[in-house]
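Derivation of every value follows stated rules applied to the coordinates shown; laboratory data play no part. Please read all numbers here as calculations on a predicted model, not as lab measurements. Don't worry about glycine lacking a Cβ; one is built from the backbone with ideal geometry, like all the others, and counts go over all protein chains shown.
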Amino acid sequence: MAVTPATGKPSSRDQKRAQFARYKEDVKERGKPFYPYAMFHDTLMSLVVVMTITGLAVVWKYTTPGNHIGTHAGWLGKLYDAPADPGTINFVPRPDWYFYFLFYLLRIFKWPNSVVLGTVGIPTILLIILIALPFFDTRAERHPKRRPVAMTAAVLTIFSMGILTYRGATAKEALGSELLTKVPTWAKQQGFENNPAAVQGAKLFATLGCLNCHTYLGDGNHNLGAPDLSAEGAKHKGILFQIAHLTCPSCVNKGSPMPSFASQGKRNLTLLATFLEASKGPH
């Protein structure tokens, strides 16, 4: 065994080797084989998890009054909710609670200039540091008071995630805020900036999720065969046709996968139809 001349004690490398040898001997003396001990423990815990989920499902089912759609809730909530309305503009999609910190981080880094930093840059850098840490910090010391850098980093991480989670949970935002900013540009390019009804219809179009399937002046997505609507008005279908199509798409076009927007009411449907008829292609 090598001895450090200054102290007369074994070198750190020999100390690590001796510590590892003691660890292996301890495992050999007191350790237990995977089968049947560890396998039994895993099976038992899996059974506990399944029984817990089953028990919660039974409690949820039999503590809820009635089996119909309604507002009555049992100990664990309602059995059913009302069917989803694809035409609603009152719902703001939010992530699950454990993604709130990332959700608010994306609000800090604005699209498109710096969003890559928040989605790829920072998470990747932190992951690389986390993976590399055991290779750099090889000391045997694990007492929190003697690891100030690691403890400070851990506390700051937890604190930052806590703050971002709270801010993400309480964040307020306007529906379709990003697309609403494009409405003045649409109106100018299409020439209906002096048509209040068409402008209001454009705002509804931006917030109703129409651009999830359609495209309009370069914005949106091509999904389910939905056409580009930039020059819909040039087809001269008329306000009544547009209202009828928005009310029942499959009635006008057999087999159309487009959802009905009848829940928007006559006024909003008329505004949407006015906007579509005013969209005759960019000038």
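Find which of A150, A140, P93 sits farthest along the positive direction of the dipole of the chain, computed with +1 on the beta-carbon of Lys and Arg, -1 on that of Asp and Glu, about the Cα centre.
Ranked along the dipole, the leading option is A140.
What value, in deg cm²/dmol to 500, does the helix sum -39500 (n - 2.57) over DSSP H runs of n ≥ 4 give at 222 nm once divided by the residues of the chain? Please report the intermediate quantities before stating the final value.
Numbers: 11 runs with 141 residues, N = 283.
So the calculated ellipticity at 222 nm is -15500 deg cm²/dmol.
Please list the non-local residues whose amide H lies under 5 Å from the amide H of S230, H modeled 1.01 Å from N, same-chain partners needing a gap of 5 or more.
Result for S230 returns L217.
Quick one: what are the phi-derived ³J(HN,Hα) couplings along region 208-218, Karplus 6.51/-1.76/1.60 with θ = phi - 60°, whole Hz, x for glycine and proline?
In residue order, the calculated couplings are 8, x, 4, 7, 5, 10, 9, 10, 8, 6, x Hz.
In degrees between 0 and 90, to the nearest 10, how far off the longest principal axis of the chain does helix 122-136 point, with axes built from Cα atoms?
On a 0 to 90 degree scale, this one is about 10.
Could you check which residue among T165, T119, T207 shows the biggest mean-square fluctuation in a GNM of the chain with a 10 Å Cα cutoff?
Of the options given, T119 has the highest mean-square fluctuation.
Once you compute Rg and the Kirkwood Rh from C-alpha atoms, what is the Rg to Rh ratio for region 94-173? Let's see the in-between values first.
Details: Rg = 15.5 Å, Rh = 14.5 Å.
That ratio is 1.07, to two decimals.
Using DSSP loop states and a limit of at most 10 other Cβ atoms within 10 Å to flag chymotrypsin sites (Phe, Trp or Tyr not before Pro), what is the longest stretch of the chain containing no flagged site? Display every interim value, and only then the final one.
Values: sites that count: W75, F91.
Between the exposed loop sites, the longest stretch runs 92-283.
What is the dipole size for region 177-278, taken about its Cα centre, with +1 at each Lys and Arg Cβ and -1 at each Asp and Glu Cβ, in debye to the nearest 20?
The calculation lands at about 260 debye.
Count neighbours as other Cβ atoms within 10 Å of each site's Cβ, and list the trypsin sites (Lys or Arg not before Pro) in region 180-278 that are DSSP loop with at most 15 such neighbours.
Those that pass, being in a loop and sparsely packed, are K254.
From the phi angles alone, apply the Karplus equation (6.51, -1.76, 1.60; θ = phi - 60°) to region 219-231 and give each ³J(HN,Hα) in whole Hz, x where the residue is Gly or Pro.
9, x, 9, 9, 10, 6, x, 5, x, 6, 10, 4, 10
Hey, any idea what Rg/Rh is for the chain, computing Rh the Kirkwood way over Cα pairs? If you can, show how the numbers build up before the last one.
Details: Rg = 30.7 Å, Rh = 25.9 Å.
That ratio equals 1.19.
Given the options A202, A262, A150, which has the most mean-square fluctuation in a GNM of the chain, springs set between C-alpha atoms less than 10 angstrom apart?
Of A202, A262, A150, the Gaussian network model singles out A150 as fluctuating most.
Can you tell me how region 163-231 classifies by the Cα gyration tensor, rounded, prolate or oblate, using a/c under 1.5 as the rounded cut? Walk me through the numbers on the way to the answer.
Values: a/c = 2.95, a/b = 1.55, b/c = 1.91.
Since a/c reaches 1.5 but b/c is at least a/b, the shape of region 163-231 is classed as oblate.
Could you point to the residue in G265, S230, L180 farthest towards the positive end of region 177-278's charge dipole, with +1 and -1 charges on the Cβ of Lys/Arg and Asp/Glu respectively?
Highest projection toward the positive end goes to G265.
Say we join alpha carbon atoms closer than 10 Å with springs in a Gaussian network model of the chain; which of V58, V120, V199 then has the biggest fluctuation?
Between V58, V120, V199, it is V58 that shows the largest mean-square fluctuation.
Report, in debye and to the nearest 20, how large the dipole of the chain comes out about its Cα centre when Lys and Arg carry +1 and Asp and Glu carry -1 on their Cβ.
Roughly 980 debye for the chain.
Run the dipole for region 118-178 about the Cα centre, Lys and Arg Cβ at +1, Asp and Glu Cβ at -1, nothing else charged, and hand back the magnitude in debye, nearest 20. Write out the running numbers ahead of the final one.
Values: 7 positive and 4 negative charges, 83 e Å.
Charge dipole, region 118-178, about its Cα centre: 400 debye, nearest 20.
So, how do all the Cα-to-Cα distances of region 186-283 break down into 5 Å bins, in percent, from 0 on up?
Per 5 Å bin, starting at 0, the Cα pair percentages come out as 3, 14, 24, 29, 21, 7, 2, 0.
How high is the relative contact order of the chain, in percent, with contacts defined as C-alpha pairs under 8 Å that are six or more residues apart?
On the way: 263 pairs, mean separation 41.8, N = 283.
Across the chain, relative contact order equals 15 percent.
If one takes the longest principal axis of the Cα atoms in the chain, at what angle in degrees, from 0 to 90 and to the nearest 10, does the Cα axis of helix 265-278 lie?
Taking Cα atoms only, the helix is inclined about 80 degrees.
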